[in-house]
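Quick notes on the structure that follows.
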Amino acid sequence: MARLYEGLSWDAGRDCVESVIEKDPYTSAVSVLYRLEKSPGDYRDLDVLTYLLNTESGRRSLQEVPNAAHILLQVLRAQSDDGVRTDDIPGFLVESVLSDLRQDACSQASLAVLGTLQQTGSVRRSLRNFPGAIEVLSAALRRQSEGTALENANVLPAVVITLTMDALKDEPYNLRYLDALMALHSTKHGLNALRARSDVIEPLFSVMLSLRQDVHDEAERLKVIRALVSILNDIAAFTTVNRQPAPSIYAVMPILLKGCEEDSAAAQLLMKQFISDMVMKPLEGHTGPVICIAFSRDGKCLASGSSDKTLRLWNTETGTLVSPQPVGHEDHVYCVAFSPTGRCVASGSKDHTIRLWDPETGPTPTTTFRGHSDTIFSISFSPDGRRLASASGDCTLRAWDVITGLTVVGPLEGHEATVESVSFSPDGHQIVSGSWDKTIRIWNADTGEMLVGPMQGHKESVFSVAFNPDGRLVASGSEDKTIRIWDAETGRQVVDPLRGHKSWVRSVAFSPDGNFVASGSDDKTVRLWDVSTGEMIAGPFEGHTDQLRSVVISPDGKRVASCSIDKTIRLWDATGHWPHEDAEGNGNMVSPYLAHAALVGLSKDAANRVYLNTMKRLESTVSGRRALRQAPDIVPMLLSILQTQSQVAGLDDMKLIPNILVSVILDRFRKDPCNEECIQALASIQGTAHGHIVLRERHDVSRMLSVVIQSLKSRISDKSDWLRTTRIAVDILNCTGFQALAGRHTGAEIRSFVHILLKGSEDDRAAARQFIEKFGSALALRPLEGHTDRVNSVVFSGDGTRIASGSYDKTLHIWDAATGTPVSVPFARCKICIYSIAFSPSGQLIVVCGKDNVIQLWDWEKEEAPRERFRGHTASVFCVAFSPDGKRVASGSADLTIRIWDVDTGQTVVGPIEAHTAVIESIAFSPDGCFLASGSRDKTIRVWNAHTGQPVAAPLEGHTESVFSVAFSLGSDRVISGSRDKTIRIWSVATARSVASPLKGHTDWVRCVAIAPNGKHIVSGSDDKTIRLWDVEAGAEIAQPFEGHTASVRSVAFSPDGRRVVSGSVDNTVRVWDVTREWIKWDADSEDELSENEVGLSVH
């Protein structure tokens, strides 16, 4: 053959090949093939063979050679994958294999060749471009499933998947390749192949998303969606999702939900598997139950401890183990913690030891702590990383020096059973512990003194405790199946117990922003809860097959990790799989699809947890709320859902739908105050039990309805229509209570709301009277807003023109008492969480005390720096008061002493007076300046000579709980006190006895009391969120409770003229109330002559 090529300058051109054929007309494809078998790299023979393959005789002759395909494969391997010389050979091979598979789908020889071919890029291109190739392969795949077991059974599914995925990336809606997917899904080997491929899900999502634009026939679209969803649901548990699937899923949800019951069930399963649950596959490696986990500070590493006696470190991005793995414990590892720097990992074990490890350098512990005599159940690093707290089965706590391994505080004794959990406060000064004795205790981390507790409320063992990021709250999880949120200062619960878990709550953790709590339970689920409302906001996340032991939240708050007796660790998405959006809601294209899907789903099943959680997520985002507001027929749809839900027992959040519905209605009222549909909808909401509750709780309802009524009067000419619509609005307002309406209107406006009702039926007249009664004793000003934390103290200046407020946010605000506007820049230089403030009689000076042992005296108009600092107390100062002449200041402290200071020198002139046995909460000078009264957590009031510091009477005893507030009467002969026992008492200084029965009415702790300048009235504020007005002589309330604050009222004070009361609250606001009128008595026949004064509002 070599002689045929002599004299030719070979450049693979057609002319060269034709010259060879002219020299030897008998050259055959078979002879060239066998030459290539010996020299597969001979490009000249390859060119000749390629030429002959383009002839019918050449192809036919090669097809008759039994091993032609194998020889050609060798040739291909010897050539460049994308070389021009091999263009026709892949086509011939594809044609040959497909021809064989048409005849015999189980041909072992063809399958072996196909398996080799699919590894070559040029052949894959030929397969994809070959007419009818995917159809032949799909048909062969279906025929294979009917036969017996094959040696090369995985070849055909692998080839079909590869071709299909390549094609769908370029053309998402391609019926030929979608049919191939159906073929794969319908066979055992095909389904296994789909599950084994990590690149399958994303193209399927792309197909789903494209259907809205590419397929206009709804029946055809539903058919395709059914098939895709069926595939996705079957492979979900076997693969991972690397990108956001939500837009694709929500795009098809409404279509599925309109289908049959099977379609609806498939839709719910799809959402459950891809939207609400896991981020990645379980982390597996422990050989025993995983008991504890902890995130590193950067969130990139997760430590876990197990009953297999090992500690493991995981990469949270990949789920792989990090080496080397620490070893050394001789028994179960019950607790693990990263140091704040991340350079140290601590673990506690059933072997009674705590060990420290360097996660980077080695498996051997660097330090071992010994001292506990039982299992170490919990450990916690201090924020500075210098100490480690531990809790043990020996019923004690200890604090250890991380460097020396020595106990520096403790053992702390007090718990009566195993201490299961321990945690440092964010400032490192406190330690909280939870025990099997059902209690929680807070300890001084430096001295070991118990500061708060025992906090009681759980009915069974407490398994987990955690501080929130600012240290003000503690969360606890218990064997009683509840989570509880506690005030770390008072030990009181701040919301109702969080209920939902069906078994023991083993672990709780706060999010980094403090807004939600994660919990893990023996019911195998993880749940997320809103701290402020106590409502479940996400979950239950299901996936573990056995009891959970621990949950932790990543430092960025985006993921929750959980570990279980099932030997696995799982990572969950705490954000609900929401794409990023800015403050205006831009960037989120999910919501329109989701709103439609959720509404249709709830219309079919109003109790469906998946759709309820979806609605909750929608309402939590800007774009989600926007999508809900724009959804067609949303008001009647939500009303229908609400009516159905009212007949369902046991829903996790019965307030969700009425709250969303009210928000939608109020948004429409803003655009059209006379919207008849919305007014009728509000009436329907009020007719349901939980709708009624929501209307009472929503401050914005009464505000908007007042605007609605005014608009109705001006825009509805038919008197009967106005009467009917106004009656609905007034009935709702009567249901809502004070809220925020009254302070926004004059008496004339209030009168106009009800004037026409008084001319209606007897029921209308009754509604009008109720309305006037509720709103006649009114707010004088809107809430004064500006503080960012609880307002602990408020006071009027001596001339009544200014109001001062002090807050836990470390600022002091001065307000204009008439307008409520700030009159100075907030004092941010106090640098302490403020507990108490007082104006000097001249109004020039303000004294401030708080969460340290120094008292500050400010000239508030200058404000550059405190004029004086009074030093002497050795603990936080809880209360201060000016003497009537302004020359002295009295203070009470957590150091159990009272001091009286000279304002000019800053020196102690009386005291320290030591008599109380617990924290002194309140102090007050008598009007004549001769006496000083003090109230304490020791449940007593004491009266002192303000000049000598000597007691002038026996302790005033009678309260059964802490005394939070004291005040003197006008004549200095009586003391008024408010207590944790929910009562107010009036005492005679001379006899040291109560002069009347306790004043009862508040339903929670009485935090503050003040007496009117005329001495006839008492005002009180309580944790029940109300302010009450009392008659001193009668010992009875003289007005309905003033409602408006949304949290505990911590401070009240009368204005110098006695016409107003100022209040400060844990809701971060200051409010001013008009207390000049008692209840209004009406003569219904004289309504035409009503004056503004008779209505009972006096707005200043």
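If only one of Pro359, Pro383, Pro365 is outside any strand (DSSP E or B) and either farther than 21 Å from Val552 by Cβ or touching a helix residue (DSSP H, G or I) at 6+ places or on another chain (Cβ under 9 Å) (or both), which one is it? If you could, list the steps in order and put the result at the bottom.
Details: Pro359 fails: either farther than 21 Å from Val552 by Cβ or touching a helix residue (DSSP H, G or I) at 6+ places or on another chain (Cβ under 9 Å) (or both); Pro383 fails: either farther than 21 Å from Val552 by Cβ or touching a helix residue (DSSP H, G or I) at 6+ places or on another chain (Cβ under 9 Å) (or both).
Result: Pro365 is the single residue among Pro359, Pro383, Pro365 that is outside any strand (DSSP E or B) and either farther than 21 Å from Val552 by Cβ or touching a helix residue (DSSP H, G or I) at 6+ places or on another chain (Cβ under 9 Å) (or both).
Within region 379-433, work out how many residues are of a type in the set (Lys, Arg) and buried (at least 18 other Cβ atoms within 10 Å of the Cβ). Can you show your working first?
To start, the set of residues in region 379-433 that are of a type in the set (Lys, Arg) comprises 386-387, 398.
Subsequent filtering for residues that are buried (at least 18 other Cβ atoms within 10 Å of the Cβ) retains 387, 398.
The qualifying residues number 2.
State all residues of region 164-193 that are in contact with a Phe, Trp or Tyr (Cβ under 9 Å, 6 or more places away or on another chain) and of a type in the set (Gly, Ala, Ser); if no residue qualifies, say none.
Of everything in region 164-193, just one residue is in contact with a Phe, Trp or Tyr (Cβ under 9 Å, 6 or more places away or on another chain) and of a type in the set (Gly, Ala, Ser), namely Ala167.
Could you check region 392-420 and list, in sequence order, the residues that are among the small types (Gly, Ala, Ser), over 14 Å from Asp374 (Cα atoms) and assigned to a strand (DSSP E or B)?
Ala399, Gly410
If I filter region 1068-1080 for residues that are modelled with pLDDT of 85 or more and either part of a loop (DSSP other than H, G, I, E, B) or surrounded by fewer than 19 Cβ atoms within 10 Å (Cβ to Cβ) (or both), do I get at least one hit?
Yes, region 1068-1080 contains at least one residue that is modelled with pLDDT of 85 or more and either part of a loop (DSSP other than H, G, I, E, B) or surrounded by fewer than 19 Cβ atoms within 10 Å (Cβ to Cβ) (or both).
Filter region 871-927 for residues that are in contact with a Gly (Cβ under 6 Å, 6 or more places away or on another chain) and of a type in the set (S, T, N, Q); which is surrounded by the most Cβ atoms within 10 Å (Cβ to Cβ)?
Ser922
Considering only residues that are part of a strand (DSSP E or B) and over 34 Å from the mean Cα position of the chain (by Cα), look in region 794-822 and name the one that is nearest to Gly1058 (Cα to Cα). First the steps, then the outcome.
So in region 794-822, the residues part of a strand (DSSP E or B) come out as 794-796, 802-807, 812-816, 822.
From the residues that got through so far, the ones that are over 34 Å from the mean Cα position of the chain (by Cα) too are 795-796, 802-804, 814-816.
Values: Val795: 13, Phe796: 11, Arg802: 14, Ile803: 14, Ala804: 17, Ile814: 20, Trp815: 18, Asp816: 17 Å.
Ranking the candidates gives Phe796 first.
Taking the condition of being assigned to a loop (DSSP other than H, G, I, E, B) and of a type in the set (A, V, I, L, M), how many residues in region 479-500 meet it?
Here the count works out to 3.
Residues that are assigned to a loop (DSSP other than H, G, I, E, B), touching a Leu at 6+ places or on another chain (Cβ under 7 Å), crowded, with 16+ Cβ neighbours inside 10 Å and without any contact (Cβ under 8 Å) to a residue 60 or more places away in the chain: does region 977-996 have at least one? Talk me through it step by step, then tell me what you get.
Narrowing region 977-996 to residues assigned to a loop (DSSP other than H, G, I, E, B): 980-982, 989-992, 995-996.
With touching a Leu at 6+ places or on another chain (Cβ under 7 Å) added as a condition, the list becomes 992.
Those left that are additionally crowded, with 16+ Cβ neighbours inside 10 Å: 992.
Checking the rest, the ones that are also without any contact (Cβ under 8 Å) to a residue 60 or more places away in the chain come to 992.
Yes, region 977-996 has at least one match.
Look through Ser503, Ser507, Ser521, Ser511 and report the one residue that is in contact (Cβ under 8 Å) with a residue 60 or more places away in the chain and either under 16 Å from Asn613 (Cα atoms) or of a type outside the set (A, V, I, L, M) (or both).
Ser511
Applying the selection to region 331-356, what residues are in a loop (DSSP other than H, G, I, E, B) and not small (Gly, Ala, Ser)?
Within region 331-356, Asp331, His332, Pro340, Thr341, Arg343, Cys344, Lys350, Asp351, His352 meet the criteria.
Looking at region 1041-1064 only, could you name the residues that are out of contact with any Asp or Glu (no Cβ under 8 Å at 6 or more places or on another chain) and among the aliphatic types (A, V, I, L, M)?
Val1052, Ala1053, Val1061, Val1062
Grab the strands (runs of 3 or more DSSP E) fully contained in region 893-948, keeping just those with 2 or more residues being in contact with a Pro (Cβ under 8 Å, 6 or more places away or on another chain).
897-902, 940-945
From (1) touching a Leu at 6+ places or on another chain (Cβ under 6 Å); (2) within 24 Å of Pro289 (Cβ to Cβ); (3) not hydroxyl-bearing (Ser, Thr, Tyr), pick out the condition that doesn't hold for Leu412.
(2)
Would you confirm whether any residue within region 949-965 is in contact with a strand residue (DSSP E or B) (Cβ under 8 Å, 6 or more places away or on another chain), assigned to a strand (DSSP E or B) and on the phi > 0 side of the Ramachandran plot?
So in region 949-965, the residues in contact with a strand residue (DSSP E or B) (Cβ under 8 Å, 6 or more places away or on another chain) come out as 949-953, 955-965.
Within this subset, residues satisfying the condition of being assigned to a strand (DSSP E or B) are 951, 956-957, 963-965.
Okay, now just the ones that are also on the phi > 0 side of the Ramachandran plot, so none.
Looking through region 949-965, none of the residues is in contact with a strand residue (DSSP E or B) (Cβ under 8 Å, 6 or more places away or on another chain), assigned to a strand (DSSP E or B) and on the phi > 0 side of the Ramachandran plot.
Looking at Ala990, Ala1012 in this structure, which one is aliphatic (A, V, I, L, M) and out of contact with any strand residue (DSSP E or B) (no Cβ under 7 Å at 6 or more places or on another chain)? Steps first, please.
Values: Ala1012 fails: out of contact with any strand residue (DSSP E or B) (no Cβ under 7 Å at 6 or more places or on another chain).
Just a single option satisfies the conditions, and that option is Ala990.
Evaluate the following for Phe274: is it modelled with pLDDT of 85 or more, of a type in the set (Phe, Trp, Tyr) and under 21 Å from the mean Cα position of the chain (by Cα)?
So Phe274 fails the test.
Taking Ser503 as the residue in question, decide whether it is touching a strand residue (DSSP E or B) at 6+ places or on another chain (Cβ under 9 Å) and either in a loop (DSSP other than H, G, I, E, B) or basic (Lys, Arg) (or both).
yes
Given the condition within 20 Å of Asp401 (Cα to Cα) and buried (at least 18 other Cβ atoms within 10 Å of the Cβ), answer yes or no: does some residue in region 291-301 qualify? Let's see the steps before the verdict.
Step one: list which residues in region 291-301 are within 20 Å of Asp401 (Cα to Cα), which gives none.
For region 291-301, residues within 20 Å of Asp401 (Cα to Cα) and buried (at least 18 other Cβ atoms within 10 Å of the Cβ): absent.
The values are calculated or read from the model by the stated rules, or taken from the named source; none is laboratory data. What you see is a predicted model; the values in this text were computed from it and never measured. So basically every Cβ, Gly included, is an ideal-geometry build from the backbone, and we count neighbours across all protein chains shown.
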